[in-house]
Amino acid sequence: MPRKIHGHETRHHKMRTNRCFVCGPDNPDGMRLRFILDEERQTFICRFRLSKRYTGPPGHCHGGVIAAILDDAMGKVNKLHHVVALTREMTVEYLKPVPLHKPLRVEGREIKKQGRTHVNAAEILNEKGEVLARSRGVFIAINPEQMFAKFAER
């Protein structure tokens with residue numbers, strides 16, 4: 001059965017609150033997207049619709065919002081290794097305009113892992129399964145207790 005995945009914590013690191021703009025339930029101004037792990041495919045998936053709040057070109061999503069969604073989908077993949085990893089770099093290909101008010105899906109998956117470096121990819125797809133935007137990102141695993149100590153539960 002698919003498991004819901006929330007936030008940026010791992011089984012070893014818990015955060016007091018999650019105010020992430022994309023997935024944080026504690027951010028009243030955020031998108032509050034919910035990702036599910038497809039264990040068989042080792043892919044993180046989120047189904048969503050974008051409101052007019054995220055408008056870029058008329059009737060379509062702003063490119064920065066698209067990048068944020070792809071970044072978060074790729075970031076979730078690091079949970080497969082129970083690490084917290086931060087984006088070092090990412091590339092985005094905007095293939096077709098991402099529409100507002102339509103069913104969409106984002107999927108994140110692992111490309112490779114070497115030491116602290118994780119390379120992941122993500123795609124935003126429409127209801128026909130057409131890829132509208134895709135990304136590739138390099139993430140570096142960090143010690144969250146060192147970097148985020150004041151935010152962690154004790």
Over the chain, the sum of -39500 (n - 2.57) across DSSP H runs of at least four, divided by residue number and rounded to 500 deg cm²/dmol, gives at 222 nm -3500 deg cm²/dmol
Considering amide H positions built from the backbone, and no H for Pro or chain starts, which residues 5 or more places from residue 95, or on another chain, come under 5 Å of its amide H? 133, 134
Report, in cubic angstrom per residue, the convex hull volume of the C-alpha atoms of the chain. 115 Å³
Placing unit charges on C-beta atoms (Lys and Arg positive, Asp and Glu negative, everything else neutral), compute the dipole magnitude of the stretch 3-151 about its Cα centre in debye, rounded to 20. 260 debye
If amide H atoms are modeled at 1.01 Å from N in the peptide plane, then the residues at a separation of 5 or more from residue 32, or on another chain, having amide H under 5 Å from its own are 23, 24
Lysine pairs in the chain with Cα distance under 21 Å, only those 8 or more apart or on different chains: how many are there? 14
Work out from phi, with θ = phi - 60° and the Karplus expression 6.51 cos²θ - 1.76 cosθ + 1.60, the ³J(HN,Hα) of each residue of the stretch 103-120, listed in order in whole Hz, and give x for Gly and Pro. x, 10, 9, 10, 10, x, 8, 8, 9, 6, 9, 9, x, 7, 8, 10, 10, 10
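How high is the FRET efficiency from residue 89 to residue 143, r the C-beta distance, R0 25 Å, rounded to 0.05? Intermediate values should be presented prior to the final figure.
Numbers: r = 20 Å, r/R0 = 0.81.
It comes to 0.80.
Taken together, the values in this text are just the output of simple stated rules run on the coordinates, not laboratory data. It should be emphasised that the depicted structure is a prediction, and the values quoted were computed from it without experimental measurement. All Cβ positions, glycine included, derive from the backbone under ideal geometry; neighbour counts span all protein chains shown.
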